[in-house]
Amino acid sequence: MSLLLKNISLSLADFTLEVDVEMHRHVTAVFGPSGSGKTSLLDLIAGLRAARSAFIQLDDRTLTDTTQKIFVPTYQRGIGYVPQDLALFPHLSVRRNLLYGCKSGGANDPSFRFDHVAEVLEIQPLISRGVTELSGGEKQRVALARALLASPRLLLLDEPLASLDASLKAKIIPYLARVRDEFRIPMLCVTHDRFEALALADEIVVLVDGQVRQTGPVSEVFTRPASAEVARLVAVETLQPGSIMNINEGLATVSVNRVTLTALAPPTASREVFVCIRGEDVVLQHDTVTTSSVRNRLPARVVSLHPEGALVRVELDAGFPLFALVTRAASAELALHDGKAITAFIKAPAVHLVPR
Amino acid sequence: MTAEEWQIVWFTAWVSALSTVIILPFGLALAWALARRDWPGKSIVETFVTLPLVMPPVATGLILLKLFGRRGVIGGFLHNQLNLDVIFTWRAVLLALSVMSMPLLVRAARVAFEEVNPRLEQIARTLGASGLRVFFTITLLLAARGVISGMLLAFARALGEFGATIMVAGNIPGKTSTLSLAIFENVQIGEDTHAYRLLGVSVVLAFTAVWCSEFFLRRKK
């Protein structure tokens, strides 16, 4: 897919949403803190709001162009939207909710057939119920199915997991991943949760106060934040693919580029994971300590130093690229310089594993 | 009850029901426009819609008389072009009841529409539903309780209308005489028994309409 958002300018209460991005990947996450204009951006794409100036094009179809006075009405856009509150119609049964957007005579694309969608999202047992009788996770799946049954060409998801508790989140992520893989439908997913972005998206757009601060592949934005602000927001300096070798008493042993790390076991069964470590969770020390509570002790070499205000971002080679955030004073005391050998200590709970 | 009294009861109930049905599409359209859209002059229209509720009904009746009389703007047009007279016919009763009960329907429906979460309407549109389909399948169904309650209130208001009706329709026995007009007349000429019988009927009708209206509002709340 290609989604072009050009010259977008929309006045909101505290700031102006200004966006100029092109999205070409399969799943894009719009990432940012609450109140940064993410939902307004989705509303613009769906045609639920009109901006002072905007050019929106999905593949080769222009949906909005304020200079040409083009504005395709929402119901003709073919864009599925699952809002944060899901907006299931409370006066209709689950079945009639699902069929609301169903094209009569079946969808053009056979993968959006009712039976297929119902099977992928496992909603067959829910169909005869009322909407109010569903649990949070069930509502989520019904809302997703309803959007898919309208055979959209793009799916907008607004904070799909924000309203769910941690254990439900872990259950819904695989469904979202299935929707992504099974229907090959481009998705734009708004989130303020970095692990959610990581688990679902290929590409990320960081939005703060209505301004795009960085765009790029997820791994790149998370490991090389363009500014200190983005770094604070994503707060994951190290991001490496790894695989879980074994899980024992709630602790997972993960192999990253043949280096072994200990982490808390994730709730999902997936063996292939992203290993995420925040820079401030990495302690640097000359290795004189013999025993310590810290589970991960990695001999490393300093690759480069990047001063960031009061802090220094230290890029290390620990068998894989590892980033540490230390104060300037600490950096000076340790006499850090390129090529210096040092030991990195990371506690097991600071090593986050996200399924990939 | 005499045949004449029954005629008055049926006529009143029938014209009140008809006026409720007639104002329904206009009332709903206006209520929706007030609840969901911003447009220039909205506050003026809003005030005009409520005026008949607070103005002396006789004053409203006088305005209607001037507008719909043969020399009035609308009445003249109807008389000359369509050979249709309104004043002092049953149509005048219908007109007076419609104008006087419209505010109740509009106000009730407007509140009911405002209570419908706009997000539901927006998401229905993303599912391919046109504006009209969204209105009939989402907005109207979710606002149904308030709308029905408003219709019953308007009907009850129409049943009891007096001031505007007597101005534009007079009180012509067998033609424009309604319950309230007949009660007034019977009291005037000392026919108290007739008046009390008609009074009983209006109490029962009004009670039933208001009770049903409250019932619909309370349901599922």
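General observations
- The stretch A:218-268, accessible surface, carbon-and-sulfur percent (1.4 angstrom probe): 47
- Once both labels are positioned 7 Å from their Cα atoms along Cα-to-Cβ, the gap between A:R95 and A:D181 label points is 3.2 nm.
- Restriction of the GluC sites (Glu not before Pro) in the stretch A:185-287 to DSSP coil positions whose beta-carbon has at most 16 other beta-carbons within 10 angstrom yields A:E249.
- With kT/(6 pi eta Rh) evaluated at 10 °C and eta = 1.306 mPa s, and Rh the Kirkwood radius from Cα pairs, the stretch A:284-330 diffuses with a coefficient of 135 µm²/s according to Stokes-Einstein.
- Placing unit charges on the Cβ atoms of the charged side chains and taking the dipole of the stretch B:180-221 about its Cα centre, the candidate lying farthest along the positive direction among B:Q188, B:G200, B:F216 is B:F216.
- When the alpha-carbon atoms of the stretch A:234-356 are used, the pair Rg, Dmax equals 14.4, 43 angstrom.
- Signed unit charges on C-beta, dipole axis of the stretch A:250-332, positive-most listed residue A:S304, A:T291, A:F320: A:T291
- In whole angstrom, the stretch A:1-43 maps to an equivalent ellipsoid with semi-axes of 20, 13, 7, each derived as √(5λ) from the alpha carbon gyration tensor and ordered largest first.
- The stretch B:9-108: proportion of alpha-carbon pairs further apart than 24 angstrom, %: 30
- Of the DSSP H helices in chain B, those whose Cα atoms cover at least 27 Å axially and whose Kyte score averages -0.5 or more: B:3-36, B:90-115, B:192-218
- Between chain B and chain A, roughly 1700 Å² of accessible surface gets buried, counting both sides and using a 1.4 Å probe.
- Exercise: per-residue mean of other protein chain Cβ atoms within 10 Å, A:71-81: 4
- Distance from the stretch B:143-221 to the stretch A:297-341 (C-alpha centre basis), Å: 87
- Computed over the protein assembly as shown, Cα set: Rg, Dmax in Å: 34.4, 116
- Counting charges near A:G242 (Lys, Arg +1; Asp, Glu -1) among other residues having Cβ under 12 Å from its Cβ returns a value of +2.
- More than 16 angstrom apart: percent of Cα pairs within the stretch A:102-190: 52
- The Rg/Rh ratio for the stretch B:75-174, using Cα coordinates for both the radius of gyration and the Kirkwood hydrodynamic radius, is 1.18.
- Centroid-to-centroid, using Cα positions, the stretch A:241-273 and the stretch A:14-78 are 39 Å apart.
- Sum of side-chain charges, B:A169 neighbourhood, beta-carbon under 14 Å (Lys, Arg +1; Asp, Glu -1): -1
- Surface analysis of the protein assembly as shown yields an accessible area of 46 Å² per residue, using protein heavy atoms and a 1.4 Å probe.
- Cα-based Lys proximity count in the protein assembly as shown, under 18 Å, for pairs eight or more positions apart or on separate chains: 4
- Percentage relative contact order, the stretch B:45-161, counting C-alpha pairs under 8 Å, at least six apart: 28
- Charge dipole of the stretch A:151-266 (Cα centre as origin; +1 on each Lys and Arg Cβ, -1 on each Asp and Glu Cβ, all else neutral): 240 debye, rounded to the nearest 20.
The values are calculated or read from the model by the stated rules, or taken from the named source; none is laboratory data. Only a predicted model underlies this, so the values are computations on that prediction, with no experimental measurement involved. Note that each Cβ is placed from the backbone with ideal geometry, even for glycine, and that neighbours are counted across all protein chains shown. Just the protein is used for accessible areas: all its heavy atoms, side chains included, with ligands, DNA and RNA removed. Shrake-Rupley method; radii C 1.70, N 1.55, O 1.52, S 1.80 Å.
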